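Remarks on the structure that follows.
Every number here is computed from the coordinates shown, using simple stated rules; none is lab data. Worth saying up front: this structure is predicted, and the values here are computed from it rather than measured. Counting neighbours? That spans all protein chains shown, and the Cβs are built from the backbone with ideal geometry, glycine included.
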C-alpha cells in the first residue's frame, strides 16, 4: 500500500514537471508565430504602400509629361491680327511724316471717297471693277489675311481727307495675294469718271518693306529721307509730249479754255499746276465740249497721260466717254 502511494506521488510530480517544461515552448512558439504574422502583415502593408506611392508617382510623372508636351505645342498664328493692324497704324503715321503727308485708316464699312469711288466698299460690292497692274481680278476683305478670294485686303490708308484738297492724292491698299504681302496704290489721281478701280504695286520701298516686316514680326525700319520726287512737268514739255503721242491737242487761238469762260468749271484756265509735279492742259472741242489732259511724272522717268472729254450741260461738267490712259517715256 505504501508502495502504491509512493508510486502515485512520483507520477504526479513527474507529470507536473512535464507540463511545466512544455508550456514555455508552446508560449514561445505562439509568440514567434504572432511575431511572424505581424511581420508578414507589416511587409505586406509596406509593399502595398510602396505600390500605391509608385502609382501616384507614375500619375504625377504622366501628368507632368502631358503638361510639358502641351506647353511645347506651337502657337497657331494668322497672317494678320489686331496687334499687327496697330503696328501698321503707327508705321503709317511715322512714314507719312517723312513724306510730308498725313494718312488716315479706312476699311470695310468705313470707306474713303477717292475722287469718284469709295475704297474699299465700291470694289467689294462690284460697283467698280478691280484691276491690279492692268489685270482685272477679285478683291475681298479679310480680318486675318487668309480668308476670302483674290486679293485679301486688310487695310486702306489715304491722305485724301487731310491737307489741301486737289489732284494727286494717294490711296494705298494693304493686302495679301497667295499668302504674300502686297502694297497697292490707286492710279486714279483726279476727278475722272470711271468704272474701274485701277491699282498697281507701289514703287515705294519703305512701304513694301514696312508691311512685310510687320507681317513677319520683324523690326520696322523707315528711311530717314523721303524718296526723291520726279521733276515737275512744264507747260512746254506737256505740250511736246501730247504732240509726240499724236493726241489731238492745239493751243492755237480759240482752242484753249480761259479762266472764267465756264463759271465754276474753267477755274484755273487752260494750264493748271497740280500736286507732285503734275499739270493739266484744257482745250475746247466742239460747241459745248472741252478736253482735259493730265500729265503726271513718275520716279522711273515716265509720264502718265490721262485724256478725258466733257460736255457742258446746265453748267454741269459731264464725261462723254471713258478716259484714255497711257504711260510714255519723258
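Quick notes
- Theoretical FRET efficiency, 1/(1+(r/R0)^6), r = Cβ-Cβ of residue 85 and residue 255, R0 45 Å, to 0.05: 0.30
- If you wrap the Cα atoms of the range 107-160 in a convex hull and average its projected area over all directions, you get 3.9 nm².
- Here, the range 82-215 is characterised by an Rg to Rh ratio of 0.92, where Rg is the alpha-carbon radius of gyration and Rh the Kirkwood radius.
- For 234, 142, order by how many other beta-carbon atoms lie within 10 Å, fewest first: 234, 142
- 99, 139, 306 arranged by Cβ crowding within 10 Å, fewest neighbours leading: 99, 306, 139
- Ranking of 92, 280 by count of other Cβ atoms within 10 Å, fewest first: 280, 92
- Here the extension length gained between residue 327 and residue 133 equals 68.6 nm, from 0.36 nm per residue of separation less the Cα-Cα distance.
- Averaged over residues, the count of other Cβ atoms within 10 Å places the peptides 243-251, 205-213 in the sequence 205-213, 243-251, highest first.
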